[in-house]
Amino acid sequence: KVTPAQVKLLRSRVERIINFLGIERLSQLSPSKVQTAIGELHEGTDDKSGLSLQSCQHYLRAIKQFSRWLFRDGRIREDALAHLSGYNAATDRKYERRAFTADELTALIAAAEIGKPWRGINGHDRAMLYRVAAGTGFRAGELQSLTAHSITTDGDTPCILLRAKTSKRRREDMQPIRSDLATKLAEWIDGNSISGQLWPGTWHKKAAMMVRRDMKVARNQYIDAAESTSDAQNRAESDFMLVEDYAGRVADFHSLRATYITFLIKGGASVKQAQALARHSDPRLTFGTYSPMRIDNTATALAGLPSDVEVAVEAESAQVRATGTDDEPHQYPHQRGRDSLRFDANPRDELKARPERGDDKKSGLEHSQTGFSGYNPRSESNDAGVAQLVEQRFCKP
C-alpha cells in the first residue's frame with residue numbers, strides 16, 4: 001500500500017523534471033530531454049549544490065514510473081523511457097552514514113539519561129529509545145508507532161510486533177530481541193505506567209537533530225573525563241562522537257540502525273540471518289550499504305589460509321591426479337586383455353613401437369586403404385587400423 005506521503009514525494013519529483021524541461025505535451029517527453037534535466041540537477045547551480053547520484057536515481061525512477069503509468073493507461077502509444085538505465089550511486093556518495101562503536105553507543109545512552117527534553121520526550125525515555133533502536137534496527141517512524149501492547153514475551157524469545165501500516169516494507173514483522181533488553185523495556189513500561197504509545201510526540205520528525213545534540217553532550221563528557229592535559233588533548237583531537245568522522249561519514253538517528261546491522265554481522269550472523277533481521281529484500285543492501293566490510297573486519301579471515309599456499313595447492317593437485325594405487329590408467333573389466341592407448345600418447349609413435357606381425361600387419365594396412373569397411377575394432381589383427389583410426393579421430397588433418 002502506498003502512503004499519501006509517498007505519493008506526494010513522487011509527484012514533486014515528476015513535477016520538478018517536467019517544469020525544468022518546460023514541456024506542455026506528453027509527446028515532448030523524450031529520453032534525451034529527461035537525461036539532460038537529471039544531468040543539470042546533478043551538476044547544480046552556483047547558489048545551490050547538485051544532487052547526488054542516489055538522488056538522481058530516485059528522480060529517474062519517479063519519471064519512469066510516470067511514463068509507464070501513461071502507457072498502461074493508454075495515454076501514450078509507447079513507453080519512451082523504458083530503456084533508460086540507472087546510475088551507479090556507489091561512485092558518488094555525498095552522504096555516507098556510519099555506525100556507532102560500542103563505546104560511543106554507551107556514551108550516547110549515558111548522555112541522554114541526563115539530557116533535557118526534546119519535542120515531548122525526556123532524557124530517561126530517550127535513553128530507552130536509543131537502546132531499543134540499537135537492539136531492533138527499527139527506524140524513527142516505526143519506533144514512534146510502538147505501543148505497550150507491541151511487546152510480546154510469550155514463548156522462549158521475546159519479540160516486538162511491528163504493524164504493516166507502520167513498517168517501511170508494509171509487512172507485519174515480529175522482531176526478536178535480547179532477553180536483557182526485553183527485561184529493561186518491561187521495567188521501564190511498568191515504572192512509567194505506559195498504556196499507549198511508548199514514545200509519543202513529534203521527536204521523530206527531527207530525530208537527527210535530537211541524536212546530534214546528545215552526541216555533543218557525550219563528547220564533552222568524554223573530553224572532561226580525561227585524567228591529564230595530554231590525555232584531554234588527545235581526546236579532543238579524536239573523532240569520538242563527532243557528527244562527521246575523519247573518514248567523512250556522518251552520524252544521525254539512522255546510525256542506530258546501521259549499528260544494529262553492523263554488530264549482527266560482526267557477531268557471526270549469516271547472510272540470511274542478517275538480511276532477515278534487517279528486514280531487507282536484498283542482501284546487497286545489508287552488507288553493502290549498512291555494513292561495508294572494512295580491512296580490519298576482513299583481516300581476521302586471513303588466518304584461515306595455509307601458511308604456504310603453493311605447497312598446499314600442489315599437494316591437493318597431486319592427490320587429485322592419483323587414479324589408483326599404482327597411478328596407472330584405470331581399466332574397467334570389459335577392457336582388460338586389450339591394448340589400451342593413452343590419450344596423451346602420439347598415435348604415430350604407438351604405431352612405430354608395435355612389432356611387425358607379417359600378414360597381420362599387411363592385413364591391417366589393407367583395411368586402412370579400404371576405408372575400414374568391414375572393420376572389427378575388437379580384432380587383435382588390426383593394429384595398424386586401430387592406430388589410423390585413433391589418428392583420424394584425435395589428430396588434426
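The values are calculated or read from the model by the stated rules, or taken from the named source; none is laboratory data. Every value quoted in this text rests on a predicted model; they were computed, and no experiment measured them. Don't worry about glycine lacking a Cβ; one is built from the backbone with ideal geometry, like all the others, and counts go over all protein chains shown.
The table below gives the values:
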read-out	value
Residue that is at pLDDT 85 or above, within 30 Å of the chain's Cα centre (by Cα), over 20 Å from residue 86 (Cβ atoms) and of a type in the set (A, V, I, L, M), where the choices are 34, 7	7
Residues satisfying the stated conditions in the stretch 147-170, i.e. among the charged types (D, E, K, R) and either surrounded by 19 or more Cβ atoms within 10 Å (Cβ to Cβ) or free of Cβ contacts under 8 Å to residues at least 12 places away in the same chain (or both)	154, 156
Unique residue being modelled with pLDDT of 90 or more, of a type in the set (D, E, K, R) and within 30 Å of residue 156 (Cα to Cα) when the list is 235, 257, 219, 213	257
Subset of the stretch 97-107 that is surrounded by 13 or more Cβ atoms within 10 Å (Cβ to Cβ) and either more than 14 Å from residue 242 (Cβ to Cβ) or under 18 Å from the mean Cα position of the chain (by Cα) (or both) - its residue that is modelled with the lowest pLDDT	97
Conditions (1) loosely packed, with under 10 Cβ neighbours inside 10 Å; (2) under 30 Å from residue 284 (Cβ atoms); (3) without any contact (Cβ under 8 Å) to a residue 24 or more places away in the chain; number of the one not met by residue 55	(1)
In the stretch 190-199, the residues that are surrounded by 15 or more Cβ atoms within 10 Å (Cβ to Cβ) and within 24 Å of residue 254 (Cα to Cα)	198, 199
Any hit, the stretch 58-70, residues being outside any helix (DSSP H, G or I) and either modelled with pLDDT under 95 or under 27 Å from residue 261 (Cβ atoms) (or both)	no
Meets criteria (over 26 Å from residue 279 (Cα atoms), touching a His at 6+ places or on another chain (Cβ under 9 Å) and among the acidic types (Asp, Glu)) for residue 113	yes
Helices (runs of 4 or more DSSP H) within the stretch 73-146 that include 1 or more residues over 24 Å from residue 248 (Cβ atoms), out of contact with any strand residue (DSSP E or B) (no Cβ under 9 Å at 6 or more places or on another chain) and without any contact (Cβ under 8 Å) to a residue 24 or more places away in the chain	102-113, 123-136
Output for the stretch 1-44, where each listed residue is assigned to a helix (DSSP H, G or I), surrounded by fewer than 13 Cβ atoms within 10 Å (Cβ to Cβ) and among the small types (Gly, Ala, Ser)	5, 12, 27, 32, 39
Residue count for the stretch 45-57, restricted to those that are of a type outside the set (A, V, I, L, M) and outside any helix (DSSP H, G or I)	7
